[in-house]
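The next block holds one structure in the form of structure tokens; read it before the comments.
The values are calculated or read from the model by the stated rules, or taken from the named source; none is laboratory data. Remember, it's a predicted structure, so these values are computed and weren't measured experimentally. Backbone-built Cβ (ideal geometry, glycine too); neighbour counts: all protein chains shown. Note: accessible area is taken over every heavy atom of the protein model, side chains too, but ligands, DNA and RNA are not part of it. Shrake-Rupley method; radii C 1.70, N 1.55, O 1.52, S 1.80 Å.
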Amino acid sequence: MQAIQKSNCYHDQGHKATCGYESTRYMVIFGLIQVIVSQIPDFPNMKWLSVVAAVMSFTYAIIGSALGLAKVIENGEIKGSITGLPSSTAAEKVWLVAQALGNIAFAFPFSLIFLEVQDTLKAPPPEKITMKKVSIMASCVTTFFYLCCGGFGYAAFGNSTPGNLLTGFGFYEPYWLVDFANACVILHLVGGYQVFSQPIFAEVERWFARKFPDSKFVHKNHTLKPLSMLSFSLNFMRLFFRTAYVAIMTGIAVLFPYFNQVVGVSGAITFWPIVVYFPAEMYLTQKRIESWKSKAIAFRVFTMVCLVVILYAFVGSIRGVIVARFG
């Protein structure tokens, strides 16, 4: 919403205008929306929201790529260089590379919900066959759009490329298209937030259900009918925990409203255990490969190299957050 306001302001008052808007209230509004949407009981009930989020993601990615390509054609040249953004010192360049690696690690987050998605599939064909095809397709499509947005964006603006092409105002016109793309970003984030939060909700609520098997607060559902044709189930445990979760996440977002740096930290935390270590260990266990075999040694060397790289990305991203917050 802040980006949409800025876009309209730049269109009305010119690109040099000072169009500053407070972002905190929009974060709070987003949090309130998530409190409501978080009451969706579980992952299988989110099919419609996932579809909307996916469509919105495709829409703004296509718009961003097209605007970048159009800007390159308008410039008549490809800006930037193979070495990327220059920095004042070699150390600063090293830290920027680390943060970039964290951003790349975050670029393929579907592994976090891989098993939850697989659980929603119906057989035949076997779920693992379907998921293999879908994951390959998702990786290819995602990579294509990332390369288009990143490549065209850097080619269009060079070293002045903003961290976010749409909200960072690489593009000003056509303002209505930029507004529409940013509206798609909002809807995508509403759905994406839930897709990645629902597994956390489910795990915590299962733990409470096992811990307090006789608690009505945990187990009892209340059916509410605010309208004659509409009814929904309310569970006080679900309402309390999910509201507290959203409130905490919103508070963190208000304290650290730094997109690229926070994304780098998130990517660095989740990438190695979920994308590298556990799949490698599961493969070795499933195939019953002895630890001293060359394949097992190669897998473990690979996981250790990835661990070193991701620790480097994590430290660099944490530094980026600290510098952005206190520097």
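Tell me, what are the semi-axes, in whole angstrom and largest first, of the equivalent ellipsoid of segment 257-326 as set by the roots of 5 times the Cα gyration tensor eigenvalues? It would help to have the intermediate numbers written out before the result.
Values: eigenvalues 216, 24, 6 Å².
Largest first, segment 257-326 gives 33, 11, 5 Å.
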Exercise for the section: For residue 35, tell me the accessible area in Å² from a 1.4 Å probe, rounded to the nearest 10. Expected result: 30 Å²
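Using 26 Å as the Cα-Cα cut-off, could you pick out the over-long pairs in 6/71; 79/133; 133/287? Don't jump to the answer; show the numbers that get you there.
On the way: 6/71 20 Å; 79/133 37 Å; 133/287 21 Å.
Distance filter (> 26 Å) returns 79/133.
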Practice task
Mind telling me which of 18, 59, 303 comes out most flexible in a GNM of the chain, alpha-carbon contacts under 10 Å?
Solution key: 18
Practice task
Pick out the long, greasy-scoring helices in the chain: whole DSSP H runs spanning 27 Å or more along their own axis by Cα, mean Kyte-Doolittle at least -0.5.
Solution key: 47-75, 127-157, 175-211, 236-255, 294-326
Practice task
Give the accessible area for residue 189 in Å² (nearest 10); use a 1.4 Å probe, count only protein heavy atoms, and leave out ligands, DNA and RNA.
Solution key: 90 Å²
Exercise for the section: Springs between alpha-carbon atoms under 10 Å, Gaussian network over the chain: tell me which of 205, 173, 22 tops the mean-square fluctuations. Expected result: 22
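In Å², what does the accessible area per residue of the chain work out to with a 1.4 Å probe?
About 61 Å² of surface per residue is accessible.
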Exercise for the section: Take 82, 200, 310, 248 and sort them by solvent-accessible surface of the protein heavy atoms, 1.4 Å probe, largest at the top. Expected result: 82, 248, 200, 310
Problem - Options 283, 313, 176, ranked by Cα towards positive dipole end of the chain, top entry (Cβ charges) - result: 283
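Which value, in Å to one decimal place, does the Kirkwood hydrodynamic radius take for segment 1-133 when every pair of different Cα atoms is included?
Working: mean 1/r = 0.0499 Å⁻¹.
Across segment 1-133, the inverse of the average 1/r is 20.0 Å.
Summarise the long-distance tail of P(r) for segment 47-192 by giving the % of C-alpha pairs beyond 24 Å.
On the way: 4584 of 10585 pairs.
Roughly 43 percent, once rounded to a whole number.
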Completion exercise
Given Cβ charges of +1 for Lys and Arg and -1 for Asp and Glu, the option among 142, 67, 78 whose Cα lies farthest towards the positive end of the dipole of the chain is 142
Handout entry: Whole-percent carbon and sulfur share, accessible surface of segment 212-303, 1.4 Å
Key = 69 percent
Handout entry: Residues with amide H under 5 Å from that of residue 235, placed H, sequence gap 5 or more
Key = 222
Handout entry: Whole-number D in µm²/s for segment 198-327 (Stokes-Einstein; Kirkwood sum over Cα pairs; 10 °C, 1.306 mPa s)
Key = 84 µm²/s
Practice task
Return the calculated 222 nm mean residue ellipticity for the chain, to the nearest 500 deg cm²/dmol, obtained by summing -39500 (n - 2.57) across DSSP H runs with n ≥ 4 and dividing by the residue count.
Solution key: -23500 deg cm²/dmol
Handout entry: Probe 1.4 Å - accessible area at residue 222, Å² to nearest ten
Key = 50 Å²
Fill in the blank from the handout: Straight-line reach check, residue 293, cutoff 16 Å on alpha carbons, 8 or more apart in-chain or any other chain, hits among aspartates and glutamates -> 281
Practice task
Only one of the values (1) 22.4, 70; (2) 26.1, 114; (3) 23.6, 80 was calculated from this structure for Rg and Dmax of the Cα atoms in Å; name its label.
Solution key: (1)
